[in-house]
1. Restrict the check to segment 161-178 and report whether at least one residue is over 22 Å from Leu43 (Cβ atoms), over 22 Å from the mean Cα position of the chain (by Cα) and of a type in the set (Gly, Ala, Ser).
2. Pick out the one residue from Arg157, Arg145, Arg150 that is surrounded by fewer than 21 Cβ atoms within 10 Å (Cβ to Cβ), in the same structural domain as Ser21 (by TED's automatic domain parsing) and of a type in the set (Lys, Arg).
3. List the pairs whose first member sits in segment 212-232 and is assigned by TED's automatic domain parsing to the domain that holds Gly22, whose second member is of a type in the set (D, E, K, R) and open to solvent by 90 Å² or more (accessible area, probe 1.4 Å), and whose Cβ atoms are under 7 Å apart, counting only residues at least 6 apart or on separate chains?
4. Out of Gly49, Gly62, Gly22, I need the residue that is within 19 Å of Arg157 (Cβ to Cβ), of a type in the set (Gly, Ala, Ser) and at pLDDT 95 or above. Which one?
5. Mind checking which residues of segment 1-50 are among the β-branched types (Val, Ile, Thr) and open to solvent by 70 Å² or more (accessible area, probe 1.4 Å)?
6. Inside segment 1-107, counting only helices (runs of 4 or more DSSP H) that do not spill past its ends, which hold 1 or more residues that are over 23 Å from the mean Cα position of the chain (by Cα)?
Amino acid sequence: MIEIHNIQKSFSGVKVLNGISGIFESGKTNLLLGASGTGKSVLLQCIVGLIKPDLGSITYDGKVFTNNKLDLKQEIRRKIGMLFQGSALFDSMNVEENVEFPLRMLTPMSKEERRERVEFCLKRVGLENAGKKMPSEISGGMKKRVGIARAIAPNSRYLFCDEPNSGLDPLTAIKIDELIYELTKEYDITTVIVTHDMNSVMEIGDNIMFLHKGNKLWEGGREEIMDTKVPELREFIFASSLMRAAKKVDEELGSLDELSTIQNGREPEGEKPQE
Ligand SMILES: Nc1ncnc2c1ncn2[C@@H]1O[C@H](COP(=O)(O)OP(=O)(O)OP(=O)(O)O)[C@@H](O)[C@H]1O
């Protein structure tokens, strides 16, 4: 579990994060949702320690990451896996070597142990036959899979993904989302995902934090987000014509349901009979 409290960050006097607090639980996919420029990536970078917040605290499983103790920071960093937007694979290394890299850097594993772990991780992400390929020889979706295998290889307890399905076709994007979701549950990882994709929200949003102009305006699960009354979030969700259509169908199905209840001689739920 990761807890953030009152995270604030300004650049050149311009406030980008305005006191964000929240809890990211383990075994859950926690989404940072919002339009471009709302501070999602800056918050993610603060949480992983790439940017120092001006104020606020970040705690990983009870250990305070923001207390400047180098040993502790390094201990936590070893448990962090990152999936970058463009996958960020090393072009000069083949797929196996990319996945092996953090094992060489962060663990005392022997060569044989590393080989077994790489094999296991590549199999888990469905790339058992791609180990010898170079990044330039594989598709965008496969690159994301390699990035995921590399991120989880050292038994990471925390997984951070910056727009994991950017640049992918919708079907591949869903598969990548599903893979991240399954791994989160399987290994009880605390996963934090930056996204502005409503498909991801509806598919894998266990816990969603909606950011707007550096403020947290809403937090909740995918089953409640469509009913939000927060105007900025409603505007964000229904900016997509697909989501507007989905809402319309939902409302029409609701009306049909109500109609059939009345036709069957029962009162619609929530309505009291007239005296
Ligand atoms: N290193 C930096 N120096 C100055 N300003 C920055 C820096 N990093 C981010 N910003 C500014 O902070 C604001 C929030 O940026 P951020 O990248 O977090 O947005 P975002 O919500 O992730 O958007 P997107 O979805 O487009 O990536 C933007 O106005 C951006 O220009």
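The values are calculated or read from the model by the stated rules, or taken from the named source; none is laboratory data. Since we're looking at a predicted model, the values are computed, not measured. All Cβ positions, glycine included, derive from the backbone under ideal geometry; neighbour counts span all protein chains shown. These area figures cover heavy atoms from the full protein model, side chains too; ligands, DNA and RNA do not enter into them. Shrake-Rupley method; radii C 1.70, N 1.55, O 1.52, S 1.80 Å.
1. no
2. Working: Arg145 fails: surrounded by fewer than 21 Cβ atoms within 10 Å (Cβ to Cβ); Arg150 fails: surrounded by fewer than 21 Cβ atoms within 10 Å (Cβ to Cβ).
Within the list Arg157, Arg145, Arg150, the selection yields Arg157.
3. Taking only residues 6 or more apart or on different chains, the pairs are Gly214/Lys15.
4. On the way: Gly49 fails: at pLDDT 95 or above; Gly62 fails: at pLDDT 95 or above.
Every option except Gly22 fails the conditions.
5. Start the filter on segment 1-50 by keeping residues that are among the β-branched types (Val, Ile, Thr), which leaves 2, 4, 7, 14, 16, 20, 23, 29, 38, 42, 47-48.
Within segment 1-50, Val14, Ile23 meet the criteria.
6. 70-77, 95-106
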